[in-house]
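The values are calculated or read from the model by the stated rules, or taken from the named source; none is laboratory data. Computed from a predicted structure; not experimentally measured. In this analysis, Cβ positions are derived from the backbone assuming ideal geometry, glycine residues included, and neighbour counts consider all displayed protein chains. Quick note on the areas: whole protein, heavy atoms, side chains included, nothing else; ligands and nucleic acids left out. Shrake-Rupley method; radii C 1.70, N 1.55, O 1.52, S 1.80 Å.
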Amino acid sequence: MGIKWLTSYIMKNREAAKSWDGDFKLEDTRVVIDGGSLLYFLLDDCRSGLSAGHEYYDRCGGQYADIYNAVCSFFHELKEHRVHPLVVVDGIGAEEKRDTVIERVKSSVQTAEKLSEYFAGQRKSDAKQEAILALWTKLVLVEALIDCDVAVVRPDGEADDAIAALARHYRCPILTNDSDFFVCDLPGGVLLINDIDPRHPCTAPSPKLFRRKLFHSALQETRLLKDYKRALIDNEDLIGLAATLCGNDFVKQKDVKRLYVDKQPSSDNSHPITQVLAWMLGHQQVTSTKDGMAKLSELLEDSSEYKGFQHSLKMYCPSADVIRQLVESCLSEDRLQAP
């Protein structure tokens, strides 16, 4: 999934920048790794290392040996620094995001057609920066992980829910580029994979550790939310509900923006999450996540958008039972491949 513009907001906004809890040394620690983020991160590095004249492989992939070696090299260094990784890769996608999956498949087909025409000389520069994921790339990732004796989890559904549950269970950081994890209550925090060196992940620069509690405190100081500071202090989980209204793979922002747009003043340097929180706490007088879901049920009349809210909140604000069930499923023999 991913919450639009949230990463850039947290990186650049003066108040939100207080969400970082200093540098984190990747050493003597357990870490749950988002397999999807890792794959694209290492793939980008492989592409950047291609010499001139290899534009086809740069755009269309297929350099499987390079990807395999990059994965092995990455985890060899983690092991040398006594980092214990648990990599989670996607299983079958959730039915609630079926439309998103179809959109992505259609986009990939269109990109493939553009690239085919480009390399056949039938299309000019408009396809030059396009790229697709080669067919067997994800299988090569898993094969490399198994060969390197790295523990791999393939849950029943998509990886995000399982990643968050396992990180809560082990109380360790998540290594990812997915902004959805910024609004999850994670004791070990979040590390952005783009902050590390793909070839030397345990050496400088060290990634910064993000903590939702610090982000929650930072939001209370923004111009739109200062008047609701007391309510925010009592309701940290409202961040997850507000983030869903900003749009993700389950809820399209265009379908719900009508609820809150123009209800609260915007600010050039704020993220929509501040506007949504101000709308919930002020205009709707929401007092808890449960109260917020009840009011959204009335506003959306139990539509497909409301069902999307319910699903995304399983990751953002799961119950103890949901976490326990996910962890038990992920660590079962048919889901976990461990050395």
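Among the listed pairs Lys257/Lys295; Lys18/Lys307; Lys25/Lys138; Lys252/Lys295, which have their C-alpha atoms separated by more than 23 angstrom in this model?
Lys18/Lys307; Lys25/Lys138
Rounded to the nearest 10 degrees, what's the angle between the helix 137-147 long axis and the longest principal axis of the chain, both from Cα atoms, 0 to 90?
80
Relative to the compact globular guide of 2.2 N^0.38 Å, what is the alpha carbon radius of gyration of segment 130-232, as a ratio?
Scaled against compact globular proteins, the figure is 1.36.
How much length would be gained if the chain were fully extended between Ser116 and Arg30, taking 0.36 nm per residue of separation minus their Cα-Cα distance, in nm to one decimal?
Working: separation 86, 0.36 × 86 = 30.96 nm, distance 4.31 nm.
So the extension gain works out to 26.7 nm.
Against the longest alpha carbon principal axis of the chain, how many degrees, from 0 to 90 and to the nearest 10, is the axis of helix 64-80 turned?
70
Tell me whether segment 182-339 comes out rounded, prolate or oblate; compute the Cα gyration tensor, take square roots of the eigenvalues as a ≥ b ≥ c, and use a/c under 1.5 as the rounded threshold.
Oblate, since a/c reaches 1.5 and b/c is not below a/b.
What nm value, rounded to one decimal, do you get for the distance between Lys307 and Ala65 when each label is placed 7 Å out toward the C-beta?
It works out to 4.8 nm between the two label points.
Rounded to the nearest 10 degrees, what's the angle between the helix 304-316 long axis and the longest principal axis of the chain, both from Cα atoms, 0 to 90?
70
Give me the accessible area per residue for segment 300-339, probe 1.4 Å, as a whole number in Å².
On a per-residue basis, 58 Å².
With an 8 Å cut-off on Cα pairs and a minimum separation of 6 or more residues, tell me the relative contact order of the chain in percent.
Averaging sequence separation for qualifying contacts and normalising by length gives 25 percent for the chain.
Counting only Cα atoms, I'd like the Rg/Rh figure for the chain, Kirkwood definition for Rh.
So for the chain, dividing Rg by the Kirkwood Rh gives 0.98.
Along Cα→Cβ, 7 Å out, is where each label goes; now give me the distance between the ones at Leu331 and Trp136 in nm to one decimal.
3.5
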